[in-house]
1. Among the candidates SER239, SER229, SER251, which residue alone is over 11 Å from ALA294 (Cα atoms) and at pLDDT 95 or above?
2. Quick check, is VAL157 in contact with a Pro (Cβ under 9 Å, 6 or more places away or on another chain), among the β-branched types (Val, Ile, Thr), assigned by TED's automatic domain parsing to the domain that holds SER31 and surrounded by 12 or more Cβ atoms within 10 Å (Cβ to Cβ)?
3. How many residues are surrounded by fewer than 18 Cβ atoms within 10 Å (Cβ to Cβ), in contact (Cβ under 8 Å) with a residue 12 or more places away in the chain and more than 25 Å from HIS69 (Cβ to Cβ) if we restrict to the stretch 164-187?
4. Do we find a residue being without any contact (Cβ under 8 Å) to a residue 24 or more places away in the chain, at negative phi and not assigned by TED's automatic domain parsing to the domain that holds PHE145 anywhere in the stretch 269-278?
5. With (1) over 28 Å from ILE151 (Cα atoms); (2) out of contact with any Lys or Arg (no Cβ under 6 Å at 6 or more places or on another chain); (3) of a type in the set (A, V, I, L, M) as the list, and LEU13 as the residue in question, which single condition is left unmet?
6. Would a scan of the stretch 279-295 turn up a residue that is surrounded by 15 or more Cβ atoms within 10 Å (Cβ to Cβ), within 27 Å of the chain's Cα centre (by Cα) and small (Gly, Ala, Ser)?
7. Over 18 Å from ASN128 (Cα atoms) and over 27 Å from the mean Cα position of the chain (by Cα) - does that describe any residue in the stretch 24-38?
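The values are calculated or read from the model by the stated rules, or taken from the named source; none is laboratory data. Since the model is a prediction, treat every value here as computed from it, not as a measurement. Note that we place each Cβ from the backbone using ideal geometry, even for glycine, and neighbour counts take in every protein chain shown.
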Amino acid sequence: METMLKERIVEHLKTHRLQDQKQHGFTSGRSCQTNLIDFFDWVTKIIDTGGAVDIAYLDFSKAFDTVPHRRLINKLQSLSLDSNIVEWIRQWLSDRQQRVVVNGVYSAQGLVTSGVPQGSVLGPILFNIFISDIAEGINGKVCLFADDTKICNRVDVPGGISQMTNDLGKLKKWSELWQLSFNVDKCKIMHLERKNPRAEYRIFDTVLTSTSEERDLGVIISEDLRVSSQCNRAAGNASRMLGCVGRGISSRNKEVLMPLYRALVRPHLEYCLQYWRPYLQKDIDILERVQRRATKMVYGLKEKSYQERLNDLSMYSLEKRRDRGDMIETFKYVKGIH
């Protein structure tokens, strides 16, 4: 039933062009990678012209658990959804109860009046609808992945810092109106470019902490926009996973090792890769080194050259795979698939 209702809601949003173009989470054809490319394409265009940019990384406190049911229903009604669908969702959310267990002692049951059920089919799309108007009236660039929110403004021009301050103020008012609170201690500011004035920003009278490096949807973003930190992290995680595979599996047959490498190791080296593809040779080498090591683990291939090992395993170098990935991603953008 939830799946049927989700399809109806998605169809309604598409038909009436109500989908939030800033939202990349739980959205068909979009992903963490499209979020990063969309956002930092805007950022780098300014940097390339000599401009300076401030990025605010904003964190909500238990966002999925604190969506007020009444306000959510009001938003669903404002979209002119079928009244039967809205009523079904209202009843689906109503009369839910929970209790706490500590050391085997149960508390009294309490009525749940907020939160979208996590693990449900409808939960993600209901959350997206609830948060879809968060960027209304914002002048800067905003990008969302579910509740992960980031906003940036050019700050080396007259009024740039004021605009960023005003945008943060509007987001604060939105959070108060819709009762979705920011975890201010986890909200950060990143200043890009050397001539950045490095202004101080506040939310709820709390100064946002400045950071030189931030983990954005699992990818390390540095204030110099270089990808070396991300390459080191990706190679380190992949290398550790490869070590676990080597220690945990006694077989050295390619039929055993290579599927494990492709499933458990290589994804660390290629997650959101079309955003952070390395261009420095040292970064290219540190990634390729992991696959070189993996192919050497296969019985009978240790003494062969890297290219010979790849040929025997019907594999390509990571660099060639990146070329292929770039072409696929470019094709999707040209065809409007994203």
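1. SER229
2. Spelling it out, it is not the case that VAL157 is in contact with a Pro (Cβ under 9 Å, 6 or more places away or on another chain), among the β-branched types (Val, Ile, Thr), assigned by TED's automatic domain parsing to the domain that holds SER31 and surrounded by 12 or more Cβ atoms within 10 Å (Cβ to Cβ).
3. Qualifying residue count for the region: 4.
4. Taking every residue of the stretch 269-278 in turn, none turns out to be without any contact (Cβ under 8 Å) to a residue 24 or more places away in the chain, at negative phi and not assigned by TED's automatic domain parsing to the domain that holds PHE145.
5. (1)
6. Looking through the stretch 279-295, none of the residues is surrounded by 15 or more Cβ atoms within 10 Å (Cβ to Cβ), within 27 Å of the chain's Cα centre (by Cα) and small (Gly, Ala, Ser).
7. Looking through the stretch 24-38, none of the residues is over 18 Å from ASN128 (Cα atoms) and over 27 Å from the mean Cα position of the chain (by Cα).
Here is a yes/no grid of residues against (1) under 30 Å from LEU301 (Cα atoms); (2) surrounded by 13 or more Cβ atoms within 10 Å (Cβ to Cβ); (3) without any contact (Cβ under 8 Å) to a residue 24 or more places away in the chain:
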site: HIS191; (1), (2), (3): no, yes, no
site: ALA199; (1), (2), (3): no, yes, no
site: THR206; (1), (2), (3): no, no, yes
site: ASP216; (1), (2), (3): no, yes, no
site: SER229; (1), (2), (3): no, yes, yes
site: GLY236; (1), (2), (3): yes, yes, yes
site: SER239; (1), (2), (3): yes, yes, no
site: LEU242; (1), (2), (3): yes, yes, no
site: SER250; (1), (2), (3): yes, no, yes
